[in-house]
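Below: the structure, in structure tokens.
The values are calculated or read from the model by the stated rules, or taken from the named source; none is laboratory data. In this text, all values refer to a predicted model and were calculated from it rather than measured experimentally. Cβ placement follows ideal geometry from the backbone for every residue including glycine, while neighbour counts extend to all protein chains displayed.
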Amino acid sequence: MHDVSDPRNASILINVNGELKPRAEAVVSVFDSGFMLGDGVWEGLRVHQGRIVFLDRHLDRLFEGAKALAMDVGLSREEVTSRLYGTLGANGMDEGAHIRLMVTRGVRSTPYQDPRVVVTPATVVIIPEYKEPDPAVYQRGLKLFTVHVRRGDPAVQDQKINSHSKLNCILASIQATQAGADEALMLDPHGFVATCNSTHFFIVRKGEVWTSSGKYCLGGVTRALVLEIAREADIPAIEKDFSLTDVYGADEAFTTGTFAGIVPVREIDGRALNCPGPRVERLRRLYAERMESEAARG
């Protein structure tokens, strides 16, 4: 999902282990676990009306992922929250900002996989940027292409962990880009639709909203919110296995993600869809209302 770049980002302050650094000086060691091995977890966060919306859900995922990796974040939830808001305050940001929160296992004494060679606490980096989706995308919609790169079996690399190891998604993105698409549609090991490379995927069929079983994709925060919002509005919202045949015969489709929220899909593998369709437009309105109420809670 491309953003409209903002010149203000040249002068942002980035938080590296509690210290605010100008962009050019915000660096980590070449021995850092994230750089060396992709050993870490991260979250993308959206700022609206001075609030980091749905932060509790994001911190749940971050700390659960770190625990699964036997990695100590080194900060409490309250300390992470304080550091996030302190970084926003130092940059005077309260709207139209997107944050990348990254936590790696720390600096290693030598290039080696075994975490016992880690010699520092976790590395915690907060990058806040002025970043908003291109408004035109909500009318134009996305073009998706089904790639050969599959979402892996959880015994290989569990997709539920939002880890720094994103090569699977990057390869999918490259194939989709070379096919002239905006995003990759990825299948699970059994050939059912799993997710997109950087967003979650939904279809609308006969008034029902379908998304994958969730077994082969990240536990998406916006994905979960859309399922909740739809059910509260008496829109049937179902998590299930479905195939490309179901996708090609769908009325509408859309993607979800923290950065751009709900975005309609206009085409999948050359098949045109109703874009933006009435169900997607209604869900976008309901999601916007939910975000406003979340920001107002303070």
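A few comments on the model shown:
- Among the residues examined, ASN168 qualifies as under 17 Å from the mean Cα position of the chain (by Cα) and without any contact (Cβ under 8 Å) to a residue 60 or more places away in the chain.
- Across region 86-130, the number of residues qualifying as part of a strand (DSSP E or B), within 23 Å of ALA68 (Cα to Cα) and charged (D, E, K, R) comes to 2.
Residues are listed down the side, and each one gets a yes or a no for (1) β-branched (Val, Ile, Thr); (2) touching a Cys at 6+ places or on another chain (Cβ under 8 Å); (3) not assigned by TED's automatic domain parsing to the domain that holds LEU142:
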position: GLU239; (1), (2), (3): no, no, no
position: PHE242; (1), (2), (3): no, no, no
position: VAL247; (1), (2), (3): yes, no, no
position: VAL265; (1), (2), (3): yes, yes, no
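- So LEU101, is it in contact (Cβ under 8 Å) with a residue 12 or more places away in the chain, surrounded by 19 or more Cβ atoms within 10 Å (Cβ to Cβ) and under 18 Å from VAL247 (Cβ atoms): no
- Residue within region 266-289 that is within 21 Å of ASP60 (Cβ to Cβ), modelled with pLDDT of 95 or more and not hydrophobic (A, V, I, L, M, F, W, C) present: yes
- Scanning region 137-156 for residues that are aliphatic (A, V, I, L, M) and either in contact (Cβ under 8 Å) with a residue 60 or more places away in the chain or not assigned by TED's automatic domain parsing to the domain that holds ALA181 (or both) yields a total of 3.
- Residue among PRO135, PRO115, PRO121 that alone is surrounded by fewer than 16 Cβ atoms within 10 Å (Cβ to Cβ) and at pLDDT below 95: PRO135
- Number of residues in region 231-273 that are crowded, with 17+ Cβ neighbours inside 10 Å and in a loop (DSSP other than H, G, I, E, B) equals 7.
- Among the candidates GLU25, GLU43, GLU64, residue that is exposed (fewer than 14 other Cβ atoms within 10 Å of the Cβ) and either closer than 16 Å to HIS164 by Cβ or out of contact with any helix residue (DSSP H, G or I) (no Cβ under 6 Å at 6 or more places or on another chain) (or both): GLU25
- Only one of the numbered conditions (1) more than 22 Å from ASP158 (Cβ to Cβ); (2) buried (at least 23 other Cβ atoms within 10 Å of the Cβ); (3) free of Cβ contacts under 8 Å to residues at least 60 places away in the same chain is violated by ARG205, and that is (2).
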